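Worksheet: the structure to be examined is printed underneath.
The values are calculated or read from the model by the stated rules, or taken from the named source; none is laboratory data. Just so it is clear, the model here is predicted, and its values are computed rather than measured. Counting neighbours? That spans all protein chains shown, and the Cβs are built from the backbone with ideal geometry, glycine included. Heavy atoms of the whole protein, side chains included, go into the accessibility calculation; ligands, DNA and RNA do not. Shrake-Rupley method; radii C 1.70, N 1.55, O 1.52, S 1.80 Å.
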Amino acid sequence: MTRAVLTLNAGSSSLKVALFPETGDDPLATGLADRIGPDGVLTLKDATGAPIASAGDLTSHAGAIAAVIAAFRARWPDLDLAAIGHRVVHGGADRMTPEMVTGPLLAELAQLSPFAPLHQPHNLAGIRAAMEAFPGVPQVACFDTAFHRSHPFVNDTFALPRAFYDEGVRRYGFHGLSYDYIAGELARSAPHLAEGRVVVAHLGNGASMCGMTHGRSVSSTMGFSALDGLPMGTRCGQLDPGVLLYLMDQRGMNAAQITDLLYRQSGLLGLSGLSNDMRTLEAAGTPEAMQAIDYFTFRCQREVGAMAAALGGIDALVFCGGIGENSRLIRARICERLGWMGIEIDHARNAQNDRIISTDLARTTVMVIPTNEELVIARAARRASGAEGAA
Ligand code: AMP
């Protein structure tokens with residue numbers, strides 16, 4: 001029997017999946033259902049990278065989940081799912097750990113949808129679809145906000161009247177599953193650093209930083225929404241709220257138009273006028289692309305400083321995410337003006353994507369650690385199902 005746990009990460013029009021064995025860190029299969037709707041495409045690969053044949057209705061998340069399961073069942077006819085783990089963007093003000101999905105939990109999570117309208121409803125649709133397909137299989141919700149719930153009040157609030165804090169207008173922070181993974185990896189491989197003051201830069205199409213000590217989040221660049229902090233592929237990052245007032249009052253823009261502007265038209269795409277993709281911008285070399293890169297790296301430098309200030313210093317800087325793990329140019333550019341913090345890059349190590357890319361004499365260790373959000377979800381699902389070998 002092939003006993004396994006399935007992880008699902010449902011976005012607005014996508015579904016990222018991974019199938020993990022009952023023990024071990026390497027998935028049996030990974031995949032992505034993209035452009036869910038009339039033009040849906042499902043790509044599944046086994047552990048060797050070979051494609052797994054699939055077919056089915058990709059017009060809805062439920063259809064995509066059914067197609068994934070059918071493909072896995074055809075490949076592993078004795079497949080037995082021990083648990084299903086879900087990424088859920090928002091867990092609210094109190095949830096600090098993954099939770100088993102129940103009817104009441106789903107209802108509570110649905111009430112948080114106004115806080116994350118672009119993500120939460122899709123995450124919950126994925127859970128409902130999986131519950132229908134597998135009524136007897138334990139389902140576990142893993143929250144992107146949970147890792148940051150240890151924030152002290154000053155990093156959890158805005159300077160608005162108290163009633164807003166009480167109703168949930170807080171600095172939640174996101175990318176928590178990624179930071180959880182990095183904290184675990186550091187504790188395993190560099191325990192002395194994990195206990196110290198660590199700034200983690202998750203730089204991908206979405207980007208944020210987290211300041212942590214003793215493996216716990218103290219501060220994050222993302223706040224109430226996944227818009228704040230660093231500029232991203234298409235998201236603006238930190239913005240003077242006065243700009244929103246201007247857009248509403250002077251340009252007559254409504255909430256839907258502003259949402260589209262800030263989430264989909266801004267960031268690297270908006271500044272470069274070319275692309276949200278860092279590889280494309282690095283290759284383009286146009287003045288606008290270079291300015292977009294300049295802005296991105298400048299804001300990253302600024303936020304490393306802010307996170308270090310929140311921690312009272314810095315012992316390690318960790319890069320992860322598609323840009324952080326792969327772009328030696330961006331890592332070097334971010335670090336080049338941080339010598340005053342004891343950050344000094346070894347350019348040969350940086351060019352090779354080594355795990356440690358700082359010089360031997362540097363006061364602050366700079367690392368590249370590939371993140372693995374799926375594994376964090378799979379481990380939580382294993383724990384919930386009581387599977388042996390849970391990490
Ligand atoms: P993610 O959202 O974590 O998958 O990261 C996607 C981002 O990583 C995109 O902007 C990609 O262009 C960027 N990326 C991936 N590989 C490279 C690379 N070798 N050099 C520069 N950027 C990269």
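Overall, the chain carries a charge dipole of about 200 debye about its Cα centre when +1 sits on the Cβ of Lys and Arg and -1 on the Cβ of Asp and Glu, all other atoms neutral.
GNM on the chain, C-alpha springs below 10 Å: top fluctuator among Thr286, Thr371, Thr30? Looking only at Thr286, Thr371, Thr30, the largest GNM fluctuation is found for Thr286. Computed over segment 1-89, the Cα gyration tensor eigenvalues convert (square root of 5λ each) into semi-axes of 20, 14, 11 Å, ordered from largest to smallest. Residues in segment 47-86 average 44 Å² of solvent-accessible surface per residue, probe 1.4 Å, ligands and nucleic acids excluded.
So for each of 180-187, 81-88 I average, over its residues, the number of other beta carbons within 10 Å; can you give me the resulting order with the highest mean first? The partial results should precede the final answer.
Details: 180-187: 21.8, 81-88: 25.5.
Sorting 180-187, 81-88 by mean packing, highest first, produces 81-88, 180-187.
Obtain the nm distance between the two label points defined at Gln291 and Ala255 by a simple spin-label model: each point lies 7 Å from its Cα along the Cα-to-C-beta direction. A separation of 3.3 nm, rounded to one decimal place.
Surface composition of segment 1-151: carbon plus sulfur atoms contribute 56% of the solvent-accessible area (1.4 Å probe, protein chains only, all chains present).
Order of 38-46, 115-123, 339-347 by packing, highest average Cβ count within 10 Å first?
On the way: 38-46: 15.0, 115-123: 18.9, 339-347: 16.6.
Result, highest mean first: 115-123, 339-347, 38-46.
Say R0 is 30 Å: what FRET efficiency, to the nearest 0.05, do Ser189 and Ser60 get from their beta-carbon distance? Provide the component values of the computation, followed by the final result.
Numbers: r = 41 Å, r/R0 = 1.38.
E(calc), rounded to 0.05, equals 0.15.
Considering only protein heavy atoms and a probe of 1.4 Å, how much of the accessible area of segment 245-391 is carbon and sulfur, as a whole percent? With neighbouring chains kept in place, the figure for segment 245-391 is 50 percent.
Each peptide among 74-80, 7-13, 219-225 gets the average number of other Cβ atoms lying within 10 Å of its residues, and from highest to lowest they stand as 219-225, 7-13, 74-80. Each part reduced to its alpha carbon centroid, segment 301-364 and segment 220-289 end up 25 Å apart.
On average, how much accessible surface per residue is there in segment 271-317, in Å², for a 1.4 Å probe, leaving out ligands, DNA and RNA?
46 Å²
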